[in-house]
Structure formats: C-alpha cells, structure tokens
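The values are calculated or read from the model by the stated rules, or taken from the named source; none is laboratory data. All figures in this text were calculated on a predicted structure; none of them were measured in a lab. Positions of Cβ are backbone-derived with ideal geometry, glycine not excepted, and every protein chain shown enters the neighbour counts. When the accessible area is computed, the model is the full protein with side chains, heavy atoms only, and any ligands, DNA or RNA have been set aside. Shrake-Rupley method; radii C 1.70, N 1.55, O 1.52, S 1.80 Å.
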Amino acid sequence: QVELVESGGGLVQAGGSLRLSCAASGRTFSTYAMAWFRQAPGKEREFVAVISWGGSTDYADSVKGRFTISRDNPKNMVYLQMKSLKPEDTAVYSCAASSRGAEVTVTWLYEYWGQGTQVTVSS
C-alpha cells in the first residue's frame, strides 16, 4: 500500500516557476515508478512526467525542456520542478505510483494516486 500527498501548487505568473512535491508512504517506494499527471477543467487527465525506479525519465512533449522530475528515495519524495510556466499548464497536478517500476505513461498502469494540487498560471 502506498499513500501519496502532493504539495507546492499555487498561483504563478506566466514565465514563473514552481516546485511540486509528493510525499509517499510505504517501505517499497524505491521499487515504484513515480509520475505526475495533470487534469485541466473539461479535459482528460494527461501524462506529464515519469521517473522509473532506476532513475530513467520521460516527459510529455508539451513540457520537455521546462519541467524536471526527480526522486529522493531515502526521503520517499518525488519532485516536479516547473519553469517557464504557461497559462496552458494550469491544471490539477497529481502524483501517481506504479509497481511496474518502468517509465509507463498511461493512467491505467498506476495503482496509487494522490489527491492533487492546483497549479494556476496567469497570463
């Protein structure tokens, strides 16, 4: 069982930065792939970034070069550093964990989800 709690969301102007954090419980955290997804109003949830148990990463094309995902296994933490934010990045961002361990990018392969944190980027 893994419990996930996100923090760090907020209101930021376009071009600004935010760092999201995800605190995970569970002794097997280091074996899970961890990802960030987001959902904007009226849209489906979409993949943002993933980091495998071994540290490999993958990103959605829309955030490549602007967002960086990282993990701190001893602290059971995952982070999403977001730079050069755009109004279209506005969404609820959720942390997710997959026991598959690899860089999976689809929602149905993630067993555990956090409640999400709101990110709003003003123009």
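Here are 78, 50: which of them is outside any loop (DSSP other than H, G, I, E, B) and under 14 Å from residue 114 (Cα atoms)?
78
Can you tell me how many residues within the range 82-119 are surrounded by 14 or more Cβ atoms within 10 Å (Cβ to Cβ), part of a strand (DSSP E or B) and among the polar types (S, T, N, Q)?
The total comes to 3.
Taking the stated definitions as given, is residue 40 buried (at least 17 other Cβ atoms within 10 Å of the Cβ), within 18 Å of residue 6 (Cα to Cα), modelled with pLDDT of 95 or more and out of contact with any helix residue (DSSP H, G or I) (no Cβ under 6 Å at 6 or more places or on another chain)?
no
Can you tell me which residues in the range 68-93 are under 17 Å from residue 58 (Cβ atoms) and either touching a residue at least 40 places away in the same chain (Cβ under 8 Å) or of a type in the set (Ser, Thr, Tyr) (or both)?
68, 70, 78, 79, 80, 81, 82, 93
Got a number for residues in the range 1-19 being within 17 Å of residue 112 (Cβ to Cβ), out of contact with any Ser or Thr (no Cβ under 6 Å at 6 or more places or on another chain), open to solvent by less than 50 Å² (accessible area, probe 1.4 Å) and assigned to a strand (DSSP E or B)?
Number satisfying all stated conditions: 1.
Given the conditions (1) open to solvent by 20 Å² or more (accessible area, probe 1.4 Å); (2) out of contact with any helix residue (DSSP H, G or I) (no Cβ under 9 Å at 6 or more places or on another chain); (3) under 21 Å from residue 1 (Cβ atoms), and given that residue 23 satisfies all but one, which numbered condition is not satisfied?
With (1) open to solvent by 20 Å² or more (accessible area, probe 1.4 Å); (2) out of contact with any helix residue (DSSP H, G or I) (no Cβ under 9 Å at 6 or more places or on another chain); (3) under 21 Å from residue 1 (Cβ atoms) applied to residue 23, the lone miss is (2).
Which residues, taken from the range 64-100, are of a type in the set (Lys, Arg) and in contact with a Ser or Thr (Cβ under 7 Å, 6 or more places away or on another chain)?
Residues satisfying the conditions are 66, 83.
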